[in-house]
Each structure stands twice: as C-alpha cells, then as structure tokens.
C-alpha cells in the first residue's frame, strides 16, 4: 500500500512539473529567468510559511548541519539552477523540445552513478541511456538542413540539457537525504522540507532577479502572465514538490526515474494543445525514444541492484 501511495505521489509530482515549461514559456518573453524563479518561489512561500510556521519552527530546531547542507544543495540544483537553465533555454528553443529534453535526466543520473559512484551499469541502464541519447539527437534534428546540431535551437537545447543534469543531481541528493533521515529516525515532513528548500532557493534567486530590473517587465504582464506566475508558484513549486518529497520517501530512485517520464510527456502534449507548436516526425520518434529510455532505466532492479544503489547513495551523501 505504501509503495502504491509513493507511485501516485510521483505520478502527480512529475505531471505537475511538466506544466512548468508551458507556464514559463508564457512569461519568458516579458521577464528574465531569475525574476520568474524568484517571484514564483515568493508566491509559494506566501502560502507555505503562514500555514506551516509552527511545524517549520519545530523542524528547524531538530535539524543538523547535514540536514541544512542537503537543503541548500537541493535548493541550488533542484530549483535555482534547474529553473535558471530551463528558462534561459526557452529563449532559444520551443517549449515542446524543452519538455522532451528534460527527459534526459534519468540517463544523466545513470551516467553520474557510473562515473562518480562507480555503480555497476546493468543492461537495462545501458539500453535506456542509448535510447535517451538517440532520442535527444532526433529531437535536435533539423528537417530543413538534414543535419544534426545545425538548427537555431542548439544553444537553447544545450541549456535545457544542463537543467536536466541539475535535476539528476537533485534526485540523487533527495534520495540520499531521505535515506539518511530515515536511518537517524529524523524524517522531515514533506511540506516542511518543501518550505525549507523553497526559502533557500529564493535566497539564491533574489539578487540575480534584481539585476534583471524586473519592474518594467512586470508592468507589461497581462492576465495570462500573472496567472502563469501563480500557477508556477502555487502548483509547480508548492504542490509538485510536496508530492515529490512524499513519493521519494516511499519508493526507490529507479521507480522515481520511471515516473519522471510524465514530465516530458505532459510538456509535449500541452505544447501541442495550448501553444499550437508543431512537432516533426523525427522529434516525435525522439520523444518516444526518450520515454522508452526512462522506462528501461526506471525498471525496478533486483534486491542486489537495489542494495548497490543505496550504498552508492550513501557514498555520494558522504562526498558532499
């Protein structure tokens, strides 16, 4: 029952996260990436802090230096850097391509585990990585020129891939932190953890946001723009991250990787339906390949593979 609950939470988390690409696209032409990040986080905090201040104070009193270190790292990579790179990338690519390219995160996670944690690469992970790389190449295909990496979207797509790498690091940090809390019997409530990470990310974003001189851009935002910011702050920041932390405490990293396929799928479908963007056959096949890659990587491993993953997470936690 607990495992089923975890899968439901992850399904909701990644489905809601997939809407972030669309929400960001609707405002990225008016205000800068750091302004969007800071404002969306502030809107989320306006709900979280007043409602959960008592739990927040109690949790802060129990937190150790290790807990704070994990919060800061998760905030930097999972929210600040991820959103900054994604939003900057949207200036140079389409929302559909950006959404699909975020699906590279599981493959990047597997490569990180192999390179830095010396984790054994299984046949399934190798197949998943191959599918993902092939999918990324097809998404980048330029039908007019017939060559790879020559379209005007290359720069934007590279930034989005950087965002996917940040998400991969965030996933690893979240799982390592969750296991450490469980071992010390000091598990933090998902809502409290979301609030703390959001506060830390807001601190990272607020100064770069001021450097973008946001007032002029904000004055040009219409109703759609403000609604997009509210959605980004209340749904993508608050609700999606609460579901994420609730899910990752109840499942393995491989299960989370499998369900992350909902993020690029949701982004692609919404881009077609709401933004009227077109997707070529090559890009559609590439998106399917990325999702297949995530399915291969996210297949539940056997007991030994699961134990090896947990040991690698421990090594990573100690390293950071």
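The values are calculated or read from the model by the stated rules, or taken from the named source; none is laboratory data. What you see is a predicted model, and the numbers here were worked out from it, not measured in a lab. Here the Cβ positions follow ideal geometry from the backbone for every residue, glycine too, while neighbour counts run over all protein chains shown.
Answer yes or no as to whether residue 218 is within 18 Å of residue 82 (Cβ to Cβ) and assigned to a helix (DSSP H, G or I). Explain how you work it out, then say what you get.
Numbers: within 18 Å of residue 82 (Cβ to Cβ): no; assigned to a helix (DSSP H, G or I): yes.
Taking the combined requirement at face value, the residue does not satisfy it.
Residue-by-condition table, conditions (1) touching a helix residue (DSSP H, G or I) at 6+ places or on another chain (Cβ under 8 Å); (2) surrounded by fewer than 20 Cβ atoms within 10 Å (Cβ to Cβ):
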| site | (1), (2) |
| --- | --- |
| 16 | yes, no |
| 27 | yes, no |
| 32 | yes, no |
| 61 | no, yes |
| 66 | yes, yes |
| 77 | yes, no |
Please work out which one of (1) modelled with pLDDT under 75; (2) within 22 Å of residue 20 (Cα to Cα); (3) surrounded by fewer than 16 Cβ atoms within 10 Å (Cβ to Cβ) is the condition residue 150 fails and give its number.
(2)
